[in-house]
Amino acid sequence: MNSDNSPVRYGIIGSGMMGQEHIRNIEMLPGGVVAAVADPDEGMRQSAKALAGECCAAYGDHRQMLSKGGIDALLIASPNHTHIDVLRDVMASDLPILAEKPLATTVEDCREILQLQQKRNAPVWVAMEYRFMPPVARLLDEVRAKTPGRLQMFSIREHRYPFLDKIGGWNRHNANTGGTLVEKCCHHFDLMRLVAGCDPVRVYASAGMDVNHLGESHPAGAPDIIDNAYVIVDFENGVRGMLDLCMFAEAAFWQEILTATGSEGRVEAFIPGPSRFNAGDEKRQAEIAIANRATRSERRETVHVDEAVLAAGDHHGSTFYQHQKFIEMMRSGGTPDVTLEDGLKAVMMGAAAERSAVTGLPVSL
């Protein structure tokens, strides 16, 4: 598994916005190269090939790409609802796989993927990029070091821009995405599990589609994805999690604010949104704030991320750092930082939140 120093040759399935973000970041790493892309949309396929360079092959079908060989790892960045069918095809190859979130749009499909993995030796890593944002990684380190004391509450506020336009408007419909609380918020639920250190027992959500995509028309019909929500999660160990999501708040400087509060204090990470969605060209660096109950004081620091890394994507450097770790796994023969089980449980939490938002009732897990 690439134990030598030769670059890891990626084959990328899906070359839309996220696929192209992966290409930009892989090309910045000396340990990786994009050897091939596969996408049924010719425009996207050619754009991705141009981005990756002349040595990159382009295919209209991922099965054709697989048959040609010459790749060491697969990256799946196709639309959410295609993940299950693509994985059914590619998991037979026994190549290492980096699968974009959500792992699949339903819990049942996620469970099938876990069963398919039992027949394989090569790893599957689920691309929960938020873990690898430098300010989030710093917050995780502080929680593990018990800086806030015994953790009791963990909240995530994401106030951001609406869903972007995708080919055919596929991301406007729950049937294709799993619903906003699966598609977008599996990241958040993954972080909640990681910070709490255990699994959830109960989810309650209040949500609606109130501002975005009203009056839009697509081949598959009118959009039905929510654009704002509050979600409360109770964990086995008594930790409480809360998500505050608003997707019509692109004017806010801080896109994410994560707050871990415990018996001795509080740790907060402040993460700005991508500068291309906001007015002005100001530098957009994250901050971390640590408050101590005993001293009644708070210290605040900037968490610096290289400007070139920030410019390579919309996820505050996380895609770059994730690929660093993925390539390291390939070199060492290690195991994924984000497992299929993590991917399943994030989808399970999102699906429970979607169900709770419809029924108005808490959902037990």
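The values are calculated or read from the model by the stated rules, or taken from the named source; none is laboratory data. Since the structure is predicted, the reported quantities are computational estimates derived from the model, not experimental observations. Every residue, glycine as well, gets a Cβ built from its backbone with ideal geometry; the counts of neighbours run over all protein chains shown. Ligands, DNA and RNA are stripped out before the accessible areas are found, and what is left, the full protein with its side chains, is counted by its heavy atoms. Shrake-Rupley method; radii C 1.70, N 1.55, O 1.52, S 1.80 Å.
Brief remarks follow.
- Remark: region 152-281 carries 39 Å² of accessible area per residue (probe radius 1.4 Å; ligands, DNA and RNA excluded).
- Karplus-derived 3J(HN,Hα), 6.51/-1.76/1.60, for each residue of region 306-313, Hz, glycine and proline x: 3, 4, 5, 5, 4, 6, 7, x
- Inter-label distance, nm, simple model (7 Å from Cα along the C-beta direction), Ser263/Ala311: 4.8
- With every protein chain in place, the chain: carbon and sulfur % of accessible area (1.4 Å): 50
- Proximal lysines to Lys146, defined as alpha-carbon separation beneath 16 angstrom and excluding residues fewer than eight positions away on the same chain: none
- Accessible heavy-atom area order of Trp125, Trp170, highest first, probe of 1.4 Å: Trp170, Trp125
- Cα gyration tensor, region 45-131 - rounded (a/c under 1.5), prolate or oblate: prolate
- Using all pairs of distinct alpha-carbon atoms, the Kirkwood hydrodynamic radius of region 128-169 works out to 13.1 angstrom.
- Candidate lysines - alpha carbon under 22 Å from Lys68, same-chain residues fewer than 8 apart omitted: Lys49
- Within the chain, DSSP assigns beta bridges of which about 60% are antiparallel (rounded to the nearest 5).
- Region 146-269: relative contact order as a whole-number percent, Cα under 8 Å and 6+ apart: 45
- Of Thr261, Thr335, Thr319, the order by accessible heavy-atom surface (1.4 Å probe, DNA, RNA and ligands excluded), from most exposed downward, is Thr335, Thr261, Thr319.
- Solvent-accessible surface of protein heavy atoms, probed at 1.4 angstrom with all chains present, puts Ser297, Ser67, Ser356, Ser263 in the order Ser67, Ser297, Ser263, Ser356, largest first.
- Zone of Lys146's modelled label, taken as backbone nitrogen in region 232-268 under 18 Å from a point 7 Å along Cα→Cβ: 237-239, 260-267
- For region 70-79, putting each phi into the Karplus relation 6.51 cos²θ - 1.76 cosθ + 1.60 with θ = phi - 60° gives couplings of x, 10, 9, 8, 10, 10, 9, 10, 7, x Hz, in residue order, rounded to whole numbers and with x for Gly and Pro.
- Gyration tensor verdict on region 251-365 (Cα atoms; rounded if a/c is under 1.5, prolate if a/b is larger than b/c, oblate otherwise): rounded
- Paramagnetic reach from Arg120 in region 5-36 [backbone N under 20 Å; point 7 Å along Cα→Cβ]: 8-15, 19, 22-23, 33-36
- The residues of region 1-94 present an accessible area of 42 Å² per residue when probed at 1.4 Å with all protein chains retained.
- Charge dipole (debye, nearest 20) of region 309-351; +1 at Cβ of Lys and Arg, -1 at Cβ of Asp and Glu: 60
- Between 0 and 90°, nearest 10: helix 318-332 axis offset from the chain longest Cα axis: 60
- Nonlocal amide H pairs with Trp125, under 5 Å, H built at 1.01 Å: Ile97, Leu98, Ala99
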